[in-house]
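Colleague: Before I ask anything, let me first share the structure, which is written out below as structure tokens.
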There are 2 protein chains.
Amino acid sequence: LPHTANPEISGWVERIRSGDARALARAISAVEDRRPEAQALLRALFPHTGRARVIGMTGSPGAGKSTLVDQLAKHYRKEKHSLGIIAVDPTSPFSGGAILGDRIRMLSHHGDSGIYIRSMATRGALGGLAATTADAATVLDAAGRDLLLIETVGVGQDEIDIVRLADVTVVILVPGMGDDVQSIKAGIMEIADVFVINKSDREGAERVEREIRAMQSLSQRKDEWSPPIVKTVATEGKGTAELAEAIAGYEHFVEKRGLLKRKRAEHWRTRLLEMLRDALLNRVLRQQFGERELERYAEEIAEHQRDPYALIEEVLAGLENVKSKI
Amino acid sequence: LPHTANPEISGWVERIRSGDARALARAISAVEDRRPEAQALLRALFPHTGRARVIGMTGSPGAGKSTLVDQLAKHYRKEKHSLGIIAVDPTSPFSGGAILGDRIRMLSHHGDSGIYIRSMATRGALGGLAATTADAATVLDAAGRDLLLIETVGVGQDEIDIVRLADVTVVILVPGMGDDVQSIKAGIMEIADVFVINKSDREGAERVEREIRAMQSLSQRKDEWSPPIVKTVATEGKGTAELAEAIAGYEHFVEKRGLLKRKRAEHWRTRLLEMLRDALLNRVLRQQFGERELERYAEEIAEHQRDPYALIEEVLAGLENVKSKI
């Protein structure tokens, strides 16, 4: 095993795979903080991945996502699944809030080691939250969690990128939202494999359903799947089993049609480009100029003493010249 | 002028600078579609930039941003400013809607050539909307527009990145939003130089003001600026002059303290990293492997026949080996 030759990394991988929660937490932290050892760890974990089903759940703030995800987690625990939950909220105002939130939610599962919850609120200076979330999912997958629930606020492109890494995407709507919120929903309509109308005991649930149907009638999916609409009241646990059934229905459809490979290949195409962009930039920042020069260049550009486009060409020519000299 | 030696590019630059609206529109389209000629054009335009004041305006969907921006534009037109408006809405469901929206808004300004409006709703496969918006702002700046208003939906990280390129950031709130929306607002609290409470004739305006004050009392800005709160009713044009005054107040503060250079240097630092990431990836995709190989690699990774981390290392080693052979 040439790549896990590092005994520290191999030991870490073993502990993660044996279910050691502290080793797992440390791994996700390393990934989140983009620490140098994360790359070697991810590489050593990769051969042990690809088994987990990944379910993405997204919706507007206030749609009741966390409650619904918790209910769904309880449902899957009864079926003896081992779960990982990644809650991504880039809009969260407090950086410390994520950890506190994890503890509160962990408590609601009575210290059940079959559910591992992790929140992510910050993103690194380089690279997006989607990449970090994908890496965290890789760690949980390698740790033997067979069901991953990725929960995010469905309002921006970042969030759409995050749920795109899922095998199944659930979009959660609620009755009683304004017209502008409708247009946001329309923006994520095309990524929904299953719709949920949560808080469906509220007035307006029928209207939301009609609106979804109307939007669906306007366009047809390439895979010809017709996303079902499930009504839930997450706070009372109503509709959870039906939601799990709808998710399984889509998974069955995908399996029957042999679409999972294509879906995962598309995911890896995007992810590979992101990984490449990060790796190449890091290489240039290490070899051609450092943080201090970067600051200086930025100041010079701001004062119009340097042309940014010429600078980029210089960096590329640096690679180019090396090449032509061989 | 070695970089504008291309006569087509120099002619284009001349037409843009002389106020030719079609040349301007074609330039922004080239930037938006990331066409090959865009890079040469941006480089040729860069020496003519740096003069425009850039005002970023963000708020939740339904906050009345467009109306407020239009009112502010009218106000600045009376002061004989030449305006460029870039409306960015990644949540917009219809790709054609942006153009239609532009036409409708243009009409409201009675064909006034002193206001140029452009919407951006889509983003390219590579690179973010923030980079495209920054490039479009560069074009408008070079075209001699002395005031740029950049309007976006303030809900995701992308949108925060977009308003960050502005010299002044205005955050628009409205009364009567739920608790979750408050937390979104908290996420963008720190980037606001000026707050607007729009629809301030509605119930709850005082409460929103109290909440902003409470949040402000919890933290102090590094530059010690205390963001003012302006109440507006954009549909009636109320408070527009006061908003323009508040914006000018912050600009005066920034000028007096000599902070603009630092702000623009920070902006260029972020933008330079983005430009580098894109340029490096494009180089690798041209020199080391193409789109077809990328698809194949992604499929192989999805089927666990290839290790993505090893692939990245191979690409980097490709650069490395070349270097060590000199």
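Colleague: Within 10 Å of each Cβ of B:277-285, how many other protein chain Cβ atoms are there on average?
Modeller: On the way: counts 10, 3, 8, 11, 8, 2, 5, 6, 2.
Per residue, the average neighbour count from other chains is 6.
Colleague: Between A:R257 and A:Q216, take the C-beta separation as r, use R0 = 25 Å, and let me know the FRET efficiency to the nearest 0.05. Could the numbers behind the result be given before it?
Modeller: On the way: r = 19 Å, r/R0 = 0.77.
Here the calculated transfer efficiency is 0.85.
Colleague: Per residue of B:301-311, what is the mean number of Cβ atoms on other protein chains within 10 angstrom of that residue's Cβ?
Modeller: Numbers: counts 9, 11, 5, 6, 0, 2, 4, 9, 11, 3, 3.
For peptide B:301-311, the averaged partner shielding equals 6.
Colleague: Also: What order, most packed first, do the peptides B:63-76, B:201-214 have when packing is the mean number of other Cβ atoms within 10 Å of each residue?
Modeller: Working: B:63-76: 21.6, B:201-214: 14.1.
Put in order of decreasing packing, that is B:63-76, B:201-214.
Colleague: Moving to a separate point now. Using the per-residue mean of other Cβ atoms lying within 10 Å as a proxy for protection, in what order, highest first, do the peptides B:280-287, B:137-144 fall? Mind showing how you got there, number by number?
Modeller: Details: B:280-287: 16.5, B:137-144: 23.6.
The packing order, highest mean first, is B:137-144, B:280-287.
Colleague: Calculate the FRET efficiency for B:E300 and A:R51 from the Cβ-Cβ distance with a Förster distance of 22 Å, rounded to the nearest 0.05. Working shown, then result.
Modeller: On the way: r = 18 Å, r/R0 = 0.80.
Using R0 = 22 Å, I get an efficiency of 0.80.
Colleague: With the Cα gyration tensor of the range B:261-307 in hand, give its eigenvalues times 5 under a square root as the equivalent ellipsoid semi-axes, listed largest first in whole angstrom.
Modeller: After scaling each eigenvalue by five and taking roots: 34, 12, 6 Å.
Colleague: So how far apart, in nm, are the two label points at A:T235 and B:W225 if each is 7 Å from Cα heading toward Cβ?
Modeller: 4.1 nm
Colleague: While we're looking at this one, here's another question. Which whole number gives the average count of other chain Cβ atoms within 10 Å of the Cβ atoms across peptide A:239-247? All intermediate terms of the calculation are to be shown ahead of the outcome.
Modeller: Details: counts 0, 0, 0, 0, 0, 0, 0, 0, 0.
Mean inter-chain Cβ contacts per residue within 10 Å come to 0.
Colleague: Can you give the FRET efficiency for B:A248 and A:E291, using 1/(1 + (r/R0)^6), R0 = 30 Å, r = Cβ-Cβ distance, to the nearest 0.05?
Modeller: On the way: r = 35 Å, r/R0 = 1.17.
Efficiency at R0 = 30 Å is approximately 0.30.
Colleague: Let's see if you can work this out: charge +1 on each Lys and Arg Cβ, -1 on each Asp and Glu Cβ, no other charges. What is the dipole magnitude of the range A:14-86 about its Cα centre, in debye to the nearest 20?
Modeller: 200 debye
Colleague: What number, in nm² with one decimal, is the all-direction average of the projected area of the convex hull of the alpha-carbon atoms of the range A:203-298?
Modeller: On the way: hull surface 47.5 nm².
That works out to 11.9 nm².
Colleague: Using a label point 7 angstrom from Cα along Cα-to-C-beta, what distances in nm, from shortest up, separate B:R22 from the other copies?
Modeller: B:R22 label point versus its equivalents elsewhere: 7.3 nm.
Colleague: Could you tell me the extents of the range A:1-76's C-alpha atoms along the three principal axes, largest first, rounded to whole Å?
Modeller: Principal-axis extents of the range A:1-76 (Cα, largest first): 47, 25, 21 Å.
Colleague: Which distances, shortest first and in nm, link B:E242 to the matching position in the other copies, using label points set 7 Å out along Cα to C-beta?
Modeller: Values, ascending and in nm: 4.9.
Colleague: While we're looking at this one, here's another question. Just report the Cα centroid separation between the range B:185-254 and the range A:1-69, whole Å.
Modeller: 42 Å
Colleague: Expressed as a rounded percentage, what relative contact order does the range B:159-308 have, with Cα pairs under 8 Å and six or more residues apart? Don't jump to the answer; show the numbers that get you there.
Modeller: Values: 122 pairs, mean separation 30.9, N = 150.
Relative contact order comes out at 21 percent.
Just so you know, all these numbers are worked out from the coordinates, no wet-lab data involved. Just so it is clear, the model here is predicted, and its values are computed rather than measured. Don't worry about glycine lacking a Cβ; one is built from the backbone with ideal geometry, like all the others, and counts go over all protein chains shown.
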